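> Sharing a structure here in structure tokens format.
The values are calculated or read from the model by the stated rules, or taken from the named source; none is laboratory data. All values derive from a computational prediction rather than experimental measurement. Because the Cβ atoms are built from the backbone with ideal geometry, glycine has one as well, and the counts that use them run over all protein chains shown. Heads up: the accessible areas ignore ligands, DNA and RNA and are worked out on the full protein's heavy atoms, side chains in. Shrake-Rupley method; radii C 1.70, N 1.55, O 1.52, S 1.80 Å.
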Amino acid sequence: GTPKERMHVASNFLVGADVTSAALFVSTASGYVGISTGSPQAKLDVNGLAVFRSSLAVLGTGLSGTQSALEVIGSTLVVRNDGKVGIGTSSPQARLDVNGSAQFGSGVNKSTFTAEGFLQPRAMTTPGLHAAGGTPSVLGAVVFNSSINDLCVSSGTAIGQWALVGSKLSGNCY
């Protein structure tokens, strides 16, 4: 029949001198589209940088279980269909699984979990604790008091409720 579209392509569509230098290639056999590639390997195959001026939605339609909805090659970032995110691992075992060190916050508010499983809590001086009001925001907060080189844990949420938990066990964190 007569095509009703303004442009109808009955065979492969190529923009470029040949498939090796294709700026755009559409395979009518597979339905694959290649940008800067004449041999697309997926529905959309981009050879080079892609910029999305708005948002990018990965729906994961047709995926199940532990299949990846988004994966950056080399296992640097994996978002699985089951909601688990892996950074530095292709098979996350928890909601967030980081293979390597992780830092939370910045500057004086920085805490780090090392790749070996150690916590390096926020460091503050005794005067710094005083200047911050000395009031722990939550029960069980951990801080390294660099004035006395010891760990302190909040034992409440009132002013000065910091318990010394390090090796010295003498004096007060606050």
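> Spin-label point model (7 Å from Cα, Cβ direction): what's the S21 to A123 distance in nm?
5.8 nm
> Given a 1.4 Å probe and every protein chain left where it sits, what share in percent of the accessible area of the chain is carbon and sulfur?
56 percent
> Per-residue counts of other Cβ atoms within 10 Å, averaged by peptide: what ranking do you get for 43-50, 79-86, 29-36, highest first? Working shown, then result.
Working: 43-50: 10.2, 79-86: 16.6, 29-36: 14.4.
The densest-packed peptide leads the list: 79-86, 29-36, 43-50.
> Using the Karplus curve 6.51 cos²θ - 1.76 cosθ + 1.60 with θ = phi - 60°, work out ³J(HN,Hα) for each residue of the stretch 136-147 in order, rounded to whole Hz, and write x for Gly and Pro.
x, 6, 9, 6, x, 5, 10, 9, 9, 8, 6, 6
> Another question, then. Taking the Cα centre of the chain as origin and charging only Cβ (+1 Lys, Arg; -1 Asp, Glu), how large is the dipole, in debye to the nearest 20?
Roughly 340 debye, rounded to the nearest 20.
> Cα extents of the chain along the three principal axes, largest first, in whole Å?
90, 31, 29
> Return the distance in nm (one decimal) between the two label points of a simple spin-label model at S39 and T2, each offset 7 Å from Cα along Cα→Cβ.
Reported label-point gap for S39 and T2 is 4.1 nm.
> Helix-derived [θ] at 222 nm for the chain: sum -39500 (n - 2.57) over DSSP H runs of at least 4, divide by residue count, nearest 500?
Computed ellipticity for the chain at 222 nm equals -1000 deg cm²/dmol.
> What ranking do 118-128, 51-61, 4-14 get when scored by the average of other Cβ atoms within 10 Å per residue, highest first?
By packing density, highest mean first, the sequence is 118-128, 4-14, 51-61.
> Sticking with this structure for a sec: Rounded to the nearest whole Å², what accessible area per residue is found for the chain with the 1.4 Å probe?
Averaged over the residues of the chain, the accessible area is 67 Å².
> Can you give the extra length, in nm with one decimal, that the chain gains between Q103 and S54 once fully stretched, where that is 0.36 nm per residue apart less the Cα-Cα distance?
Contour length minus Cα-Cα distance gives 14.8 nm.
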